[in-house]
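Bear in mind these aren't lab numbers, they're just calculated from the coordinates by the rules spelled out. Quantities reported herein were computed from a predicted structural model and do not represent experimental measurements. Here the Cβ positions follow ideal geometry from the backbone for every residue, glycine too, while neighbour counts run over all protein chains shown.
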Amino acid sequence: MPDRAQFEALRLELQRGGIAKVYVERTLRELADHFDDLERAALASGSSSEEARQLAHAQLGSARVIASAVLARPELRCWSRRWPTVALCVRSAAAIGVLPALPVLYVAGRSDDIARWGGAIGAALVLVGSLYSVLDWMIMVE
């Protein structure tokens, strides 16, 4: 099995580049299988375990070269990276569509809380209205 750290670095680089998760996972699986095949072939040819590992690493190539080859294929990117304007519009439309439903979802099943809240707002309106009336009266009297 290849270096976990090398594969994790490759995974992060591909994800940062916008490659879809399914393609990142598939690429890493294929690389691990290919590495194992190369290592087995080197062992079968008479190399030691360490030499077989080094030979497999050399034949597989560096993570940077593999990442640049995968990142050069735009069809592997997730749709939000391929069409960012469309993704932004869809995200905005979804937010605009969901926002009006949030208060309805919140009040469903909370009638006692809503009644208490409505009563508190009503009392606050009466208090503020009476204070404004008193202040207006004080200004008019002077």
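Annotations for the structure displayed:
- With all pairs of separate Cα atoms included, the range 4-84 yields a Kirkwood hydrodynamic radius of 13.6 Å.
- When the Cα atoms of the chain are aligned to their principal axes, the ranges along those axes come out at 106, 32, 32 Å in descending order.
- Estimated inter-spin distance, residue 8 and residue 106, nm [label 7 Å along Cα→Cβ]: 4.1
- Positive-end ranking of 83, 31, 20 along the dipole of the range 4-84, with charges on Cβ about the Cα centre, is headed by 83.
- Rounded to the nearest 20 debye, the dipole magnitude of the chain is 380 debye, with +1 charges on Lys and Arg beta carbons, -1 on Asp and Glu beta carbons, and the Cα centre as origin.
- 30, 75 arranged by Cβ crowding within 10 Å, fewest neighbours leading: 75, 30
- Dipole-positive endmost among 6, 97, 127 within the chain (Cβ charges, Cα centre): 97
- Of the DSSP H helices in the chain, those that are both long (alpha-carbon extent of 30 Å or more along the helix axis) and hydrophobic (Kyte-Doolittle mean at least -1.0) are 21-44, 111-141.
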